[in-house]
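Worksheet: one structure, shown below.
Each value in this text was obtained by applying a stated rule to the coordinates, not by laboratory testing. The structure displayed is predicted, hence computed values, not measured ones. Because the Cβ atoms are built from the backbone with ideal geometry, glycine has one as well, and the counts that use them run over all protein chains shown.
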């Protein structure tokens, strides 16, 4: 019995030593990270910072944190923020956001509130902290400010491909999206659409020019080089849009490839795109005539199934240029 007690006490002493060394190492590394950001011109401040959770957790907790990236002008103020991990599995981190925070951009400030916003990050072991997989979920997410918007539920998942460290699969599900009123009024003008979009889904695979790791924050974001969309779907009242795509992206962010598009009540979508300023009215008139012919050939004039081509920085429907193509570049 005496030997057992000695063994237990020795194990407890060893574990305690491990925990305090791990906690000290984590606190020093995170403190150095904030100092390095400030040296690069960031705002990276906080009122308080502790690492706690003995004996089985390593929970880094900040109060009154303020982060601002000078390159983009985007800043985030968080009254409290936590990165939590099991002490024996430090590469699996759970990030917990406060119920309220403030997003600042060069244009305006946007208070954000939520019922539950958290993310789970699993990183590969090593100093680069390369991303293996991540999940984010949020309930009752509300963006206030000059153009308020809200979301009932958001789920986002990212996982690294096992055979290519630069390739990630992305999944998204958003429900109960209420767009900003200005955009909603512009898009729904003359249409009987509800205030909320029912649902949006995404299943895509993206290959970047480098893996996502700590350098994405310290230096530059990885840039997409190939995008495959197995499914992108959105429903808003009687409108439904479904997209599949296979695109190659060059260093300038210009994409080349085909986008398959299926749309229900597509004429209203064209009108909405014009109202939102995404499509020129003269181009829309030509496209609507062509699309109407294609829809009738498919047997249902209100349902459209077409393929768009992206090339030379433009979007084409057959020989018709519909406008500039989006630029796929992360800042």
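Worth a mention:
- Listed candidates [x] 18.5; [y] 21.1; [z] 23.1 - label of the one calculated as Kirkwood radius over Cα pairs in Å: [z]
- For the chain, the relative contact order is 8 percent, taking Cα pairs closer than 8 Å that sit 6 or more residues apart in sequence and dividing their mean separation by the residue count.
- Remark: relative contact order (region 32-169) = 13 percent; criterion is Cα-Cα distance under 8 angstrom and separation of 6 or more residues.
- Helix 266-275 and the longest principal axis of the C-alpha atoms of the chain enclose an angle of approximately 70°.
- Crossing angle, helix 2-39 versus the chain [Cα axis fit, 0-90 degrees, rounded to tens]: 50
- Computed [θ] at 222 nm, helices only, for the chain once each DSSP H run of length n ≥ 4 contributes -39500 (n - 2.57): -7500 deg cm²/dmol
- Across region 59-136, counting alpha-carbon atoms alone, Rg and Dmax equal 14.2, 44 Å.
- Computed over region 1-113: relative contact order in percent, which uses C-alpha pairs under 8 Å that are six or more apart: 17
- Rounded to 10°, Cα long-axis angle of helix 281-297 versus longest principal axis of the chain: 80
- Rounded D (µm²/s) - region 1-113, Kirkwood Rh over Cα pairs, Stokes-Einstein at 37 °C, 0.692 mPa s: 204
- FRET efficiency estimate (nearest 0.05) - Cβ-Cβ, residue 49 to residue 163, R0 41 angstrom: 0.60
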